[in-house]
1. For the peptides 87-94, 140-147, 45-52, what is the packing order when you average, over each peptide's residues, the other Cβ atoms within 10 Å and list the highest mean first?
2. Going by average Cβ density within 10 Å per residue, which order do the peptides 173-183, 5-15, 22-32 take, highest to lowest?
3. What do the square roots of 5 times the Cα gyration tensor eigenvalues come to for segment 119-161, in whole Å, largest first, as semi-axes of the equivalent ellipsoid?
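None of the figures in this text is laboratory data; all of them are computed from the coordinates on show. Just so you know, these numbers come straight off a predicted model, no measurement behind them. Here the Cβ positions follow ideal geometry from the backbone for every residue, glycine too, while neighbour counts run over all protein chains shown.
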Amino acid sequence: MEIDVVLPCLNEAGALPWVLSRMPNGFRPIVADNGSTDESAAIATAYGARVVAVPQRGFGAACHAGLLAATSDIVCVMDADASFDPGDLPLVADPVATGATDLMLGRRTTQGKGAWPLHARIGNQVLAAELRRRVGVAVRDLGPMRAARREALLALGLQDRRFGYPLEMVVRAAEAGWRIAETAVPYYPREGKSKVTGTLRGTVRTVKDMRRVLASIAPQAPATAPAAPQAPAPAPAPELPELATQASS
C-alpha cells in the first residue's frame, strides 16, 4: 500500500533535500508549494516529489490543495522544515491502516534546544486543554504530523485556509465522532525561521486563526433529563350486572 504525504511548503529549499531523502518506501511526497521564491519547487522535483503549485496563500490552503491532489486511501501531513523525520511517518500511518484509530496525531517530543519555543508550547497546551473541555478530545498536542483516510478528511468539509486548519481538522473529526489518538514522535529544531512562531506577526495570526476555529464549535446540547415516571392509569371500574326491574303483577 502506498501513502501520499502532503508537505505544505514556503521557501524550504534548505530543508527539502534532507526531508525528501528520508522518505520511507511506500510513502509518496506531495510538496504543496505555497508561492516559494527560492528553489523549493525545483529541489522537490529533483528529488522525485510531486509538486503542486498553490497560489492561494495560507498554511491551510497548501494542506488542502495537497489533500485534493493525493490519490491514496490514507494520507499523511507533515511540515517540510525538517522538524520531523519522515522515517517516523509509520508511527502515525500504521494505526490508521490497521483500523485502530481514525485520526492519529504525532505528539511532539523535543530533541534539542530551540526545537519548540516556550511560548509555542504554552499556547499549544492551552488549545489542547480547550479541546478537551469543549469537545472531549483527550489529546495533549495538536501535532502537525498526522494521518487519516483521504475521503473521510474531505467529507469533513474543512473551511479554514490559514493557520487554523490543523485545529479545525481535529474539531470537525471530533464532532463527527471519529476516534482520535496520539503517539509520541521526535521533534527537532527546524531549518530556518518558523513562519508560525518565529515572528510576532506569525504568532498573532496563528492565535487569531485558531480562536476563530474555537468560536465555530457548536455548543454541546445539555443532556436530556430522563422522563418522569408516569403514574399507572387507574384500572377500569368493574362492570355492574344489569338489574332487571320487573314489576310484580
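1. Most protected by this proxy first, the peptides run 140-147, 87-94, 45-52.
2. Going by the mean number of other Cβ atoms within 10 Å, highest first, we get 5-15, 22-32, 173-183.
3. Semi-axis lengths for segment 119-161 are 22, 13, 11 Å.
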